[in-house]
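Quick one: the structure is below, and I'll ask about it shortly.
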Amino acid sequence: MARVEIEGLRSLILQRLEPMFPDDHAERIADVVLFGEMAGRRSHGIIRLFPGSYGVMDEGVEPRPEVEKLGRSSARVQGSQGMLLASIATDLVEELAVESGFAVVTTRGSRSTSGSLSYFVEKLTDAGLVASVSAGTPNFVGLPGGSGRILGTNPLAFGIPTNQRPFILDMATSAISGGDVLTAAASGSKLPRGVAVSTAGDATVDPGDVLAGGAVLPFGGHKGLGLSLMVEILNKALTGATGDPGDWGHLFVAFSMSLLGDEGDIRRRAQAEIDRLEAGGARIPGHRSLAIRDEALTLGWVEVDDDAYERLLAAVG
């Protein structure tokens, strides 16, 4: 692993992005990518800066984000760069929710990943909002016992503020994410058993089999499949996105805790529940990633995969 100063890494990320995007767009995307690296979620870090990663797009492709207000507390954002769209949608749903107490914003037209959903949910919880973000993605998931791809990895994230770190659940509804497959392929690693099948429907631990047309599986049998179906339907029906590789959809929902009572009381109750669960030995979702990010910020540096770092250095010349 290469130890890289955070500001230096951000500068390299921007050098990679600036030939492809206007400065303000590049800044937004860089923040999402950098969060992935700092939070230990390398499947959504600098690996997304290279072709074939469903991350950035070819040079000269203008993302052209467009915002349309639909009502006092609703809007949609359309464009082609997932991280950029999600960043704009997050700011918009926060603004509308702070003004009216509740807001929903959709995106469509994305042809690339939105990055780690935790990044956007944390921003909303920092604003004192309860939030949910989900994404409908191109078909990459097959059914147990079958072959072919029928669903997206369909990630879902939820967050609620507390008196300390927010509770953030961020998960793919597949057994592993598409980014995990890309990361394994790039590092020459094997996949865990029981999470993927080849094009013939046979179990495989080779990420190359998945990238060649195989599929990953839903997590948790029929329950995971049901959750994936829910995200799939919501992120197509409510956004108008088709789920094709050039038309991913996202759904952002946020509301103020003050709609349901005193915000301080709700924060205290949420914190008390987390304290109770931790005392019983439970691992709280989201806390480890945020702790890793906070430590990186304190130290001023982050450890980056050697191959990915060398590839980034080569890309920026």
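The values are calculated or read from the model by the stated rules, or taken from the named source; none is laboratory data. Predicted model, so just to flag it, every value in this text is computed and none were measured. As a convention, Cβ positions derive from the backbone with ideal geometry for all residues, glycine included, and neighbour counts pool all protein chains shown.
Out of (1) touching a helix residue (DSSP H, G or I) at 6+ places or on another chain (Cβ under 7 Å); (2) under 22 Å from A241 (Cβ atoms); (3) charged (D, E, K, R), what's the single condition that is false for R165?
Against the list (1) touching a helix residue (DSSP H, G or I) at 6+ places or on another chain (Cβ under 7 Å); (2) under 22 Å from A241 (Cβ atoms); (3) charged (D, E, K, R), R165 comes up short only on (2).
Something else now. When you check V205 against the structure, is it touching a Ser or Thr at 6+ places or on another chain (Cβ under 9 Å) and either surrounded by 14 or more Cβ atoms within 10 Å (Cβ to Cβ) or among the acidic types (D, E) (or both), yes or no? Even if it seems obvious, please write down each step before you answer.
Values: touching a Ser or Thr at 6+ places or on another chain (Cβ under 9 Å): no; either surrounded by 14 or more Cβ atoms within 10 Å (Cβ to Cβ) or among the acidic types (D, E) (or both): yes.
No.
Any idea how many residues of the stretch 245-287 are touching a helix residue (DSSP H, G or I) at 6+ places or on another chain (Cβ under 8 Å) and within 30 Å of I150 (Cβ to Cβ)?
Total meeting the criteria: 7.
I need a count of the residues in the stretch 1-16 that are part of a helix (DSSP H, G or I), surrounded by fewer than 23 Cβ atoms within 10 Å (Cβ to Cβ) and among the hydrophobic types (A, V, I, L, M, F, W, C).
Total satisfying the criteria: 3.
I'd like to know if the stretch 28-37 contains one or more residues that are free of Cβ contacts under 8 Å to residues at least 12 places away in the same chain and either more than 25 Å from H287 (Cβ to Cβ) or part of a loop (DSSP other than H, G, I, E, B) (or both). Steps first, please.
Within the stretch 28-37, the first condition is being free of Cβ contacts under 8 Å to residues at least 12 places away in the same chain, and the residues that meet it are none.
No, the stretch 28-37 contains no residue that is free of Cβ contacts under 8 Å to residues at least 12 places away in the same chain and either more than 25 Å from H287 (Cβ to Cβ) or part of a loop (DSSP other than H, G, I, E, B) (or both).
Which of the residues belonging to the stretch 208-224 are surrounded by fewer than 14 Cβ atoms within 10 Å (Cβ to Cβ) and either under 12 Å from V141 (Cα atoms) or among the basic types (K, R) (or both)?
Answer for the stretch 208-224, where residues must be surrounded by fewer than 14 Cβ atoms within 10 Å (Cβ to Cβ) and either under 12 Å from V141 (Cα atoms) or among the basic types (K, R) (or both): G213, K223.
Please name all residue pairs, on different chains or six or more residues apart, with Cβ atoms under 6 Å, provided the first residue is in the stretch 296-308 and is more than 20 Å from A184 (Cα to Cα) and the second residue is part of a helix (DSSP H, G or I) and at pLDDT below 95.
Partner pairs satisfying both residue conditions: none exist.
Does I47 satisfy the criteria of being touching a Pro at 6+ places or on another chain (Cβ under 9 Å), of a type outside the set (D, E, K, R) and either part of a helix (DSSP H, G or I) or under 30 Å from L297 (Cα atoms) (or both)?
Judged against the criteria, I47 is not a match.
Return the residues of the stretch 112-141 that are assigned to a loop (DSSP other than H, G, I, E, B), modelled with pLDDT of 90 or more and surrounded by fewer than 24 Cβ atoms within 10 Å (Cβ to Cβ); say none if nothing qualifies. Full working, then the answer.
Initial filter on the stretch 112-141 (assigned to a loop (DSSP other than H, G, I, E, B)): 112-116, 127-128, 137-140.
Right, trim to modelled with pLDDT of 90 or more and you get 113-116, 127-128, 139-140.
Across the stretch 112-141, the qualifying residues are A127, G128, N139, F140.
Hey, another quick one. I need every pair where a residue in the stretch 215-230 that is under 13 Å from M171 (Cβ atoms) has its Cβ under 7 Å from the Cβ of a residue that is assigned to a helix (DSSP H, G or I), sequence separation at least 6 or different chains.
Filtered contacts from the stretch 215-230: P218/G224; P218/L225; P218/S228.
Out of the residues in the stretch 60-118 meeting the condition of being polar (S, T, N, Q) and over 24 Å from G243 (Cβ atoms), tell me which one is farthest from the chain's Cα centre (by Cα). Don't jump to the end; show me each part of the working.
From the stretch 60-118, those polar (S, T, N, Q) are 73-74, 78, 80-81, 87, 90, 100, 106-107, 110, 112-114, 116, 118; that's our starting set.
Applying the additional criterion that residues be over 24 Å from G243 (Cβ atoms) yields 73, 100.
Working: S73: 23, S100: 26 Å.
Restricting to residues being polar (S, T, N, Q) and over 24 Å from G243 (Cβ atoms), the top hit is S100.
Working carefully through the options D265, D307, D294, D275, find the one that is under 28 Å from A89 (Cα atoms), out of contact with any Phe, Trp or Tyr (no Cβ under 9 Å at 6 or more places or on another chain) and either aliphatic (A, V, I, L, M) or exposed (fewer than 15 other Cβ atoms within 10 Å of the Cβ) (or both).
Working: D265 fails: under 28 Å from A89 (Cα atoms); D307 fails: under 28 Å from A89 (Cα atoms); D275 fails: under 28 Å from A89 (Cα atoms).
D294 is the lone residue from the list that is under 28 Å from A89 (Cα atoms), out of contact with any Phe, Trp or Tyr (no Cβ under 9 Å at 6 or more places or on another chain) and either aliphatic (A, V, I, L, M) or exposed (fewer than 15 other Cβ atoms within 10 Å of the Cβ) (or both).
Hey, any hits in the stretch 225-243 for a residue that's surrounded by fewer than 19 Cβ atoms within 10 Å (Cβ to Cβ), assigned to a loop (DSSP other than H, G, I, E, B) and modelled with pLDDT of 95 or more?
Within the stretch 225-243, one or more residues are surrounded by fewer than 19 Cβ atoms within 10 Å (Cβ to Cβ), assigned to a loop (DSSP other than H, G, I, E, B) and modelled with pLDDT of 95 or more.
From the list D294, D275, D307, which residue is among the charged types (D, E, K, R), closer than 20 Å to S116 by Cβ and assigned to a helix (DSSP H, G or I)? Give the steps one after another, and end with the answer.
Working: D275 fails: closer than 20 Å to S116 by Cβ; D307 fails: closer than 20 Å to S116 by Cβ.
Within the list D294, D275, D307, the selection yields D294.
Oh, and also: From the residues in the stretch 97-111 that are in contact (Cβ under 8 Å) with a residue 60 or more places away in the chain and not β-branched (V, I, T), which one is surrounded by the most Cβ atoms within 10 Å (Cβ to Cβ)? Break it down stepwise before answering.
Our first condition is that a residue be in contact (Cβ under 8 Å) with a residue 60 or more places away in the chain; within the stretch 97-111, this holds for 97-98, 101-111.
Those still in the list that are not β-branched (V, I, T) too: 97, 101-103, 108-111.
Working: A97: 26, G101: 16, F102: 18, A103: 26, R108: 22, G109: 24, S110: 31, R111: 18.
Per the stated criteria, the residue is S110.
Could you check how many residues of the stretch 193-202 are assigned to a loop (DSSP other than H, G, I, E, B) and crowded, with 17+ Cβ neighbours inside 10 Å? Spell out the reasoning first.
From the stretch 193-202, those assigned to a loop (DSSP other than H, G, I, E, B) are 193-195, 198-202; that's our starting set.
Add one more test, that the residue is crowded, with 17+ Cβ neighbours inside 10 Å, and what stays is 195, 198.
Total satisfying the criteria: 2.
Yes or no, residue by residue, for (1) under 19 Å from L124 (Cα atoms); (2) modelled with pLDDT of 95 or more; (3) loosely packed, with under 15 Cβ neighbours inside 10 Å:
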| position | (1), (2), (3) |
| --- | --- |
| S53 | no, no, no |
| P63 | no, no, no |
| E68 | no, yes, yes |
| S80 | no, no, no |
| A89 | yes, yes, no |
| L92 | yes, yes, no |
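Another question, if that's okay. For the stretch 156-192, give me the residue count where each residue is touching a Lys or Arg at 6+ places or on another chain (Cβ under 9 Å), under 21 Å from L229 (Cα atoms) and not in a strand (DSSP E or B).
Residues flagged as touching a Lys or Arg at 6+ places or on another chain (Cβ under 9 Å), under 21 Å from L229 (Cα atoms) and not in a strand (DSSP E or B) within the stretch 156-192 amount to 1.
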